[in-house]
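Following: one structure in structure tokens, then a few remarks.
Readers should treat all values here as calculations from the given coordinates under stated rules, not as data from a laboratory. Because the structure is a prediction, the values reported are computed rather than measured. Here the Cβ is made from the backbone with ideal geometry for all residues, glycine too, and neighbour counts use every protein chain on show.
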Amino acid sequence: MAGMAAFSFFFTTFIFSFVSSERYEPTWESLDSRPLPSWYDENKIGIFIHWGVFSVPSFRSEWFWWDWQGNQPTQDVVEYMKENYPPDFTYADFAPMFTAEFYNPDQWADIFNASGARYIVLTSKHHEGFTNWPSKYSFNWNAMDVGPKKDLVGMLADSIRRRTNIHFGLYHSLFEWFNPLLLQDEANKYETDDFVTSKTMPELYEIVNRYKPDIVWSDGDWAGNYTYWKSREFLAWLYNDSPVKDTVVTNDRWGWGCLCQHGGFLTCTDRYNPGKLQKRKWENAMTLDIDSWGYRRTATLEDYLTMDNITQILAQTISCGGNVLINVGPTKDGLIKPIFEERLRQLGDWLKVNGDAIYGTNPWTYQNDTYTPNVWYTSKKVETETNVYAIVLEWPETDTLYLAAPTPSSATVVTLLGYSYPISWRKPSTHPNGIEIVFPIIPFSDMPCQWAWVFMMEGLVN
Ligand SMILES: *[C@@H]1O[C@H](CO)[C@@H](O)[C@H](O)[C@H]1NC(C)=O
Ligand SMILES: *[C@@H]1O[C@H](CO)[C@@H](O)[C@H](O)[C@H]1NC(C)=O
Ligand SMILES: *[C@@H]1O[C@H](CO)[C@@H](O)[C@H](O)[C@H]1NC(C)=O
Ligand SMILES: *[C@@H]1O[C@H](CO)[C@@H](O)[C@H](O)[C@H]1NC(C)=O
């Protein structure tokens with residue numbers, strides 16, 4: 001009987017929540033009231049992939065075309081073109097060289113999965129306007145008609161879904177640098193919207209219906225306001241009627257006046273990492289090559305983030321309630337270079353040991369320690385208890401680590417993730433509050449990881 005009652009309770013609740021699920025209006029008030037589907041906050045780590053025709057010159061950055069022929073050309077790009085290409089060469093001539101002949105999306109899926117990332121975001125179209133899928137709205141400027149002769153987006157979606165539990169997401173640029181329709185709308189002071197109605201919006205509906213992404217990561221939001229882009233109408237459809245209405249999450253780049261204010265999670269700026277707890281869910285989109293999102297042939301070892309950089313950024317971001325989106329730039333022939341692969345696999349190795357301190361965690365009362373620098377906290381409810389994780393970015397010079405924020409009780413138990421022996425702690429002798437953790441002497445072969453160490457504290461008073 002108890003089972004019956006539980007069943008009917010569940011059933012009624014289910015029906016009730018189904019019937020009562022409201023429809024969203026195309027206003028920010030209504031759209032912003034939608035709770036983010038919980039998978040996004042729980043999963044914490046994504047991989048960003050910048051791939052397109054810009055991966056052919058793979059020089060300076062994915063802004064190559066603009067840097068070459070935009071309003072204020074950059075000298076190094078202009079000279080590069082002058083020295084290496086005939087004078088009548090156009091940006092479009094790079095497209096046939098976007099060959100992707102070694103593109104193996106199964107292999108990409110396995111690398112992303114090995115990194116411990118739980119979602120990915122692929123550029124479906126960057127500001128150059130080239131669509132990585134065979135779009136009906138991008139005649140002869142898409143990956144099926146020219147270059148790869150493949151549906152790059154569909155192939156990766158398929159591999160990701162077949163081989164992993166990773167959520168598949170798509171980046172899409174509203175704006176295109178040189179699209180004549182957009183330039184015309186701009187000349188008309190955005191009183192006309194031909195570019196939006198014949199290009200941007202049809203494309204967005206097309207990628208959502210066709211690839212059912214769990215993330216629509218919008219960008220290129222600085223030309224025209226959100227009324228011009230019809231962003232609110234799109235989002236209302238996305239949340240009410242699209243095939244991903246229950247799972248999809250979006251960001252905040254939907255036209256002037258949205259950034260850091262409206263939409264789903266907030267991205268605010270590239271590499272956003274405020275170091276403080278934020279009111280709303282946010283994401284730190286950053287890139288392993290510090291100067292570029294697209295592949296860059298001239299990048300040197302120094303230009304790539306180290307694992308120490310990555311664990312630091314990860315710890316800061318997660319402690320303050322953010323997700324981290326880590327970018328790699330594949331080559332024009334479809335390869336993820338070993339430097340990216342190594343970082344991603346190392347991150348995966350770190351997360352295998354320390355993932356408990358990241359996935360499914362919440363910010364704690366304190367984000368970093370109030371006394372000792374380079375210690376960041378996360379927390380997790382386990383039944384009625386709260387476990388607190390201290391992510392320690394630097395191994396202390398002495399054998400003790402003083403933390404001022406945690407208040408221990410006689411029941412406090414400290415463990416080092418990935419290490420099987422108990423960790424001793426004591427009340428500090430030289431401070432009125434806090435905890436002193438005694439760092440163990442660990443044989444090299446028992447070292448849980450190489451980069452940042454995580455102490456879990458159970459039974460704290462605060
Ligand atoms: C994906 O990663 C998980 C967690 O590390 C692992 O258990 C699983 O075997 C991986 N799957 C593939 C296809 O590599
Ligand atoms: C958006 O731009 C249009 C066209 O310039 C203008 O009419 C409208 O008032 C603007 N709306 C907002 C909310 O800024
Ligand atoms: C990466 O770490 C090095 C060494 O600690 C530091 O000098 C550099 O500023 C860091 N870079 C970033 C982008 O965090
Ligand atoms: C904690 O982090 C904040 C923000 O990054 C910083 O200003 C503060 O100095 C840090 N505290 C310590 C003790 O390092």
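By definition, a body whose alpha carbon gyration tensor gives a ≥ b ≥ c is oblate when a/c is 1.5 or more and a/b is not larger than b/c, and the range 10-357 fits this oblate description. Only the Cβ atoms of Lys and Arg (+1) and of Asp and Glu (-1) were treated as charged; on that basis the dipole of the range 146-294 about its Cα centre amounts to roughly 660 debye. The relative contact order of the chain, computed from alpha carbon pairs under 8 Å that lie at least 6 residues apart in sequence, is 16 percent.
If you add up the charges near T306, with Lys and Arg at +1 and Asp and Glu at -1, over every other residue whose beta carbon is less than 12 angstrom from its beta carbon, what do you get? Charge balance in the 12 Å sphere: -3.
Rounded if a/c is under 1.5, else prolate if a/b beats b/c, else oblate: with a ≥ b ≥ c from the C-alpha gyration tensor eigenvalues square-rooted, which is the range 375-458? Note, shape of the range 375-458 comes out oblate. If I take R0 = 51 Å and measure r between the Cβ atoms of E25 and I441 in this structure, what FRET efficiency does the formula 1/(1 + (r/R0)^6) give, to the nearest 0.05? Once the sixth-power term is evaluated, E becomes 0.25. The C-alpha atoms of the chain define a longest principal axis, and helix 231-240 lies at about 60 degrees to it. Restricting attention to the chain, close to 50% of DSSP beta bridges with both partner residues there are antiparallel. When you restrict to C-alpha pairs under 8 Å that are six or more residues apart and normalise by the size of the range 375-458, the relative contact order lands at 38 percent. To the nearest ten degrees, helix 338-354 and the longest principal axis of the Cα atoms of the chain are 30 degrees apart. Exposure proxy for E233, E176, E436, E22: other Cβ atoms within 10 Å of each Cβ, ordered fewest to most, give E22, E233, E436, E176.
In percent, rounded to a whole number, the relative contact order of the range 273-355 is 38, using alpha-carbon pairs under 8 Å and six or more apart. In this Cβ point-charge picture (+1 for Lys and Arg, -1 for Asp and Glu), the range 269-349 has a dipole of about 420 debye about its Cα centre. Taking every DSSP bridge with both residues inside the range 271-390, close to 60 percent are antiparallel. Overall form of the range 323-366: prolate. Here a/c, set by the Cα gyration tensor axes a ≥ b ≥ c, is 1.5 or more, and a/b is the larger of a/b and b/c. Ordering K381, K125, K44 by the number of other Cβ atoms within 10 Å of each residue's own Cβ, fewest first, gives K381, K44, K125. For the chain, the residue among P330, V382, I442 whose Cα projects farthest onto the positive side of the dipole built from Cβ charges is V382. Distance between the 7 Å Cα→Cβ label points at V413 and E101: 5.9 nm. Rounded to the nearest 20 debye, the dipole size of the chain about its Cα centre is 980 debye, using +1 on the Cβ of Lys and Arg and -1 on the Cβ of Asp and Glu.
In the range 367-462, a dipole from Cβ-located charges (positive for Lys and Arg, negative for Asp and Glu) runs towards its positive end, and of S429, A404, N462 it is N462 whose Cα lies farthest in that direction.
Among the lysines of the range 169-307, pairs that are 8 or more positions apart or on different chains and have alpha carbons within less than 30 Å of each other number 14.
Set Lys and Arg Cβ to +1 and Asp and Glu Cβ to -1, take the dipole of the chain about its Cα centre, and tell me which of G294, G264, H127 lies farthest positive. With unit charges placed on the Cβ atoms, the residue in question is G264.
Sort D369, D246, D106 so that the residue with the fewest other Cβ atoms within 10 Å of its own Cβ comes first and the one with the most comes last.
In increasing order of surrounding Cβ atoms, one gets D246, D106, D369.
Taking each DSSP H run with n ≥ 4 as -39500 (n - 2.57) and averaging over every residue of the chain yields -8500 deg cm²/dmol at 222 nm. Once backbone amide H atoms are built at 1.01 Å from N, K337 has T331 as its partners under 5 Å, excluding neighbours fewer than 5 places away on the same chain.
For the chain, taking a cut-off of 4.7 Å between Cβ atoms, the unpaired cysteines are C258, C320, C449.
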